[in-house]
Amino acid sequence: MGAKIDGAGTDKIQIQGVGKLKDIGYNIMPDRIETGTFLCLAVATKGNLILENTNATHVTPIINKLEEAGCKIKAEKTTIEIIAPKRIKAIDIKTMPYPGFPTDMQSVFTSMLTTAKGTSIVIENIFENRYKYTQELNKMGAKITVEGKSAIVRGVRRLYGASVKATDLRGGAALVLAGVMAKGETIIENVEYILRGYECLDKKLLNIGANIRLEGIN
């Protein structure tokens, strides 16, 4: 567009103003957190899923952890296919700055791991107080204990539907995932948090077989 910007990839970006920017065409990159969320949804429901218009190189640590848990993944240039096992294995996760495991996937992975075989350890290294959602998951039958920046997730056979509240965007997404795989009906309050980060989430879930209904949102 004609801008003068130096320092990409460093901790300092220098911008020199110009008189005018020119028109260009640009395709916005796919959302790596939405990609990761739908991969985990497939795993949580023991399903197979093909994601289109995505970029596997943006979610390498997510794919690596899913493979470690026992999933089969085939990544192409713009598609990712995942085949989930009947029950995933427990794994350990540590959130790190990009290109490490993303903090915004921590809650969704924790939700997925509630029914894994064994005990998983999740360590949050980026933000504090990111485990509020675990109290809501425990209402659904999960066994999660929080100790400082660590969450110990003891896998159970099944989650059960309950009335829960989203405390933030990603924690809310974790509850959606839990609700999709739980036995019975789950009611999630404060869904406005979730809708800030996912476009047409209910419609996309309906398209892949989920039984979900959005209420009270215009």
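Being surrounded by 13 or more Cβ atoms within 10 Å (Cβ to Cβ), more than 16 Å from the chain's Cα centre (by Cα) and not in a loop (DSSP other than H, G, I, E, B), is that true of even one residue in segment 12-31?
No, every residue in segment 12-31 fails to be surrounded by 13 or more Cβ atoms within 10 Å (Cβ to Cβ), more than 16 Å from the chain's Cα centre (by Cα) and not in a loop (DSSP other than H, G, I, E, B).
For segment 205-218, enumerate the residues that are open to solvent by 70 Å² or more (accessible area, probe 1.4 Å) and either touching a residue at least 60 places away in the same chain (Cβ under 8 Å) or assigned to a helix (DSSP H, G or I) (or both).
Hits for segment 205-218 are Leu206, Asn207, Ile208.
Which one is surrounded by the fewest Cβ atoms within 10 Å (Cβ to Cβ), of the residues in segment 51-71 that are in a helix (DSSP H, G or I) and touching a residue at least 40 places away in the same chain (Cβ under 8 Å)?
Going through the qualifying residues, I end up with Pro61.
Could you tell me which numbered condition Met105 fails, if it satisfies all but one of (1) assigned to a loop (DSSP other than H, G, I, E, B); (2) under 23 Å from Arg87 (Cα atoms)?
(1)
Scan segment 37-77 residue by residue and report those that are closer than 19 Å to Glu199 by Cα and polar (S, T, N, Q).
Thr37, Asn53, Thr54, Asn55
Considering only segment 89-100, state which residues are at pLDDT 95 or above and either open to solvent by less than 10 Å² (accessible area, probe 1.4 Å) or of a type in the set (Ser, Thr, Tyr) (or both).
Within segment 89-100, Ile91, Ile93, Thr95 meet the criteria.
Is it fair to say Met105 is in contact with a Gly (Cβ under 8 Å, 6 or more places away or on another chain), open to solvent by less than 80 Å² (accessible area, probe 1.4 Å), in contact (Cβ under 8 Å) with a residue 60 or more places away in the chain and within 22 Å of Leu201 (Cβ to Cβ)?
yes
The values are calculated or read from the model by the stated rules, or taken from the named source; none is laboratory data. None of these values were measured; they are calculated from a predicted model. When we count neighbours, we look across all protein chains shown, and the Cβ atoms used for this are built from the backbone with ideal geometry, even at glycine. Just the protein is used for accessible areas: all its heavy atoms, side chains included, with ligands, DNA and RNA removed. Shrake-Rupley method; radii C 1.70, N 1.55, O 1.52, S 1.80 Å.
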